Structures are given as C-alpha cells and as structure tokens.
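Trainee: Before I ask anything, let me first share the structure, which is written out below as structure tokens.
The values are calculated or read from the model by the stated rules, or taken from the named source; none is laboratory data. What you see is a predicted model, and the numbers here were worked out from it, not measured in a lab. Here the Cβ is made from the backbone with ideal geometry for all residues, glycine too, and neighbour counts use every protein chain on show.
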Amino acid sequence: MSIFEFAFMRRALLTGVLLAVIVPCIGLIVVLKRLSLMGDALSHTSLAGVTAGLLFNVNPIAGAMVASAAAALSIEAIRRKIPQYAEMATAIILSAGIGLAGVLSGFVKNAANFNSFLFGSIVSISDFEMYLVIGVSAAVLLVFALLYRELFYIALDERSARLSGVPVRTVNFIFTILTAVTVSVAARTVGALIVSSMMVIPVACAMQVARSFRQTLLFSVAHALVFTVAGLCLSYYLGLKPGGTIVLLGVTYLVLLMAGKGLAGRIAKRRGDRA
C-alpha cells in the first residue's frame, strides 16, 4: 500500500520536508557559533511552555513558542554578560528549562498530550499545525535570503562582523526569535528530545564533505531531506517511531561517513608513503 494513499502521511511528508529544509539552516548558524546545545536548551524549555499551556487551557504550541523565545533571548543576554564563557549560558537555560518542565509536568493530568511533545507526533499533526509549519518555513527562508551575508559574517566572527558595520544585535535578535519558533514547531512534530539532533547531525554530515559555507548549507539540507523522507518511509512500513527513526538514520550515516573518510585518509597516506 502506497505511503501517499493516506492524508495523514501526506501531511507528515510535507511537514517533514519543510522542517528538513529550515532546521539545518538554523542548525548551521548555531553550530558555527559554538552553540550546538542551544537546540536542547530551547526544546526542553519549550516543554515548560507546553505544560503551562496544558495547565491553563492555552494552545500548547503557543506556550512552547513563548517559553522558547524567552529562553533564547535569555541565552543571548547571558552570552553578552559573560562573553568569555558564552557556552555556559546554554547550560544555565537548559538546566532551568528541564527543572521547570519537570515541576510543571507533575500537575498535568493528560499525560498523552505531554508525551506527544517529548517524542513527537508527526503522523498525527492537524491541518492548523501543518499550516503553522508552512508559515514558519516561509519566514525562515525569507530571513535567510535577506540576511544571508550578515548571518554568514556573524556565524564566523561576531566581533569582525560588528566592526564591518553589520547590525549584530538586530540580526542576532531576529535569528534568536526564528530559532525559538522553529524549535517549538519542530518539537511538536519530531519531539522535543529529538529536535536538537535534527539541527546538528545533518550539519555534521555536511561538514565532512563540504568546502565552503554555501556548500555546507546546501549539503546539510540535502542530508536532512534524505534522512527525513527515508525515516518516514521506514517508520510507515516497519511500524517504527518516525522521529527516532529519522535521527538514528542520520547518526548511522554520520558514523559510516566518518569511518569511510578516515579509511580513505589512511589509504591515501599509505600510498603516499610507498611513493
């Protein structure tokens, strides 16, 4: 039976493809800024927003967006206060997010709704959630098209970008809000415990073969698309969890890619020694 025969799988594929395009875009900047754990911090903090939404009868996704945005802005504020220990900001917010989510989850009566945000539920998303992903994807792509050069400079060297006249604070603010919104939406579809992996693993794969920023960006998106589509197909036919399947495919490919690259390097070295 074809995967396209069911409306819920068509929605899942469309949503997965859109997220596979925008999440690596966000992830590349995050990785280059040495903030790879930022996805973890925001996704765990989004769970606090989810629980707050469930407790106060507010849309959980709206709660997740507010909590993630607050967490992202807090990370930027702490980074500015202690720039020499910038990575500590992520750890602080991650700890606060986990603690708050843990406390609030004890008051949630409907555990099924909360659990759907932990591991995702891409095959059961509603039309509203799909349209939300479409809107967020359009916003991320538009910002990257308009601020591509500025994001490139900031990702490589924020201080030099500031000296070159780039409005670093404004660009960072826009990027921070986009990151928070993207993580919140992705947490609903692929799971809060998995979204950070989708931000980092495709980028790590691309870095093994790419030779420039543009190539890394394009290869990251390409890898994410392959992992997502293959993971959804495998999960459909084998009865597996989609989010976990997507991530495990990415990790397996990354390990094989690194092993193959290391083996090729050793073979080339031996040939050079013999010559």
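Trainee: When you scan the stretch 258-268, do you find a residue that is farther than 16 Å from MET199 by Cβ and surrounded by 13 or more Cβ atoms within 10 Å (Cβ to Cβ), even just one?
Mentor: The answer is yes, given that some residue of the stretch 258-268 is farther than 16 Å from MET199 by Cβ and surrounded by 13 or more Cβ atoms within 10 Å (Cβ to Cβ).
Trainee: Pairs please, first residue from the stretch 163-190 and of a type outside the set (A, V, I, L, M), second anywhere and crowded, with 24+ Cβ neighbours inside 10 Å and not in a helix (DSSP H, G or I), Cβ atoms under 8 Å, 6+ apart in sequence or on different chains.
Mentor: Going by the 8 Å Cβ cut-off, the qualifying pairs are ARG188/GLY120; THR189/GLY120.
Trainee: Ok, one more. Whether any residue in the stretch 141-152 is in contact (Cβ under 8 Å) with a residue 24 or more places away in the chain and touching a Pro at 6+ places or on another chain (Cβ under 8 Å) is what I want to check.
Mentor: Within the stretch 141-152, none of the residues are in contact (Cβ under 8 Å) with a residue 24 or more places away in the chain and touching a Pro at 6+ places or on another chain (Cβ under 8 Å).
Trainee: While we're looking at this one, here's another question. Hey, can you tell me all the residues within the stretch 117-172 that are among the aromatic types (Phe, Trp, Tyr) and either surrounded by 15 or more Cβ atoms within 10 Å (Cβ to Cβ) or in contact with a helix residue (DSSP H, G or I) (Cβ under 6 Å, 6 or more places away or on another chain) (or both)?
Mentor: Hits for the stretch 117-172 are PHE117, PHE119, PHE144, PHE152, TYR153.
Trainee: Please pick out the residue among ILE22, ILE61 that is out of contact with any Lys or Arg (no Cβ under 7 Å at 6 or more places or on another chain) and either over 21 Å from GLY102 (Cβ atoms) or crowded, with 18+ Cβ neighbours inside 10 Å (or both).
Mentor: After ruling out the rest, the residue left standing is ILE22.
Trainee: Would you point out the residue of the stretch 199-217, among those that are hydrophobic (A, V, I, L, M, F, W, C) and part of a loop (DSSP other than H, G, I, E, B), that is farthest from LEU248 (Cα to Cα)?
Mentor: If we take residues in the stretch 199-217 being hydrophobic (A, V, I, L, M, F, W, C) and part of a loop (DSSP other than H, G, I, E, B), then ALA210 is farthest from LEU248 (Cα to Cα).
Trainee: What number of residues within the stretch 237-275 are among the hydrophobic types (A, V, I, L, M, F, W, C) and more than 30 Å from ARG188 (Cβ to Cβ)?
Mentor: 8
Trainee: Which residue, of VAL66, VAL58, VAL108, is of a type in the set (Val, Ile, Thr) and within 19 Å of the chain's Cα centre (by Cα)?
Mentor: Being of a type in the set (Val, Ile, Thr) and within 19 Å of the chain's Cα centre (by Cα) holds for just one of VAL66, VAL58, VAL108, which is VAL66.
Trainee: Could you check how many residues of the stretch 133-171 are outside any helix (DSSP H, G or I) and in contact with an Asp or Glu (Cβ under 6 Å, 6 or more places away or on another chain)?
Mentor: 1
Trainee: Something else: Provide a single number: the residues in the stretch 238-249 that are within 20 Å of the chain's Cα centre (by Cα) and in a helix (DSSP H, G or I).
Mentor: Total satisfying the criteria: 8.
Trainee: Which one of these is among the polar types (S, T, N, Q), closer than 27 Å to VAL66 by Cα and in a helix (DSSP H, G or I): SER196, SER235?
Mentor: Within the list SER196, SER235, the selection yields SER196.
Trainee: Quick one: which of LEU94, LEU35, LEU42 is outside any helix (DSSP H, G or I), surrounded by 17 or more Cβ atoms within 10 Å (Cβ to Cβ), in contact (Cβ under 8 Å) with a residue 12 or more places away in the chain and in contact with a helix residue (DSSP H, G or I) (Cβ under 8 Å, 6 or more places away or on another chain)?
Mentor: LEU35
Trainee: Specify the residue that is modelled with the highest pLDDT; the eligible residues are those in the stretch 225-252 that are of a type in the set (Ser, Thr, Tyr) and surrounded by fewer than 18 Cβ atoms within 10 Å (Cβ to Cβ).
Mentor: Within the stretch 225-252, the match that is modelled with the highest pLDDT is THR252.
Trainee: Additional query: Looking only at residues that are polar (S, T, N, Q) and over 14 Å from THR90 (Cβ atoms) in the stretch 11-49, which one is modelled with the lowest pLDDT?
Mentor: Across the stretch 11-49, the extreme among qualifying residues is SER46.
Trainee: Residues to consider are VAL143, VAL171, VAL133, VAL103; find the one that is β-branched (Val, Ile, Thr), over 18 Å from the mean Cα position of the chain (by Cα) and closer than 29 Å to PHE213 by Cα.
Mentor: VAL171
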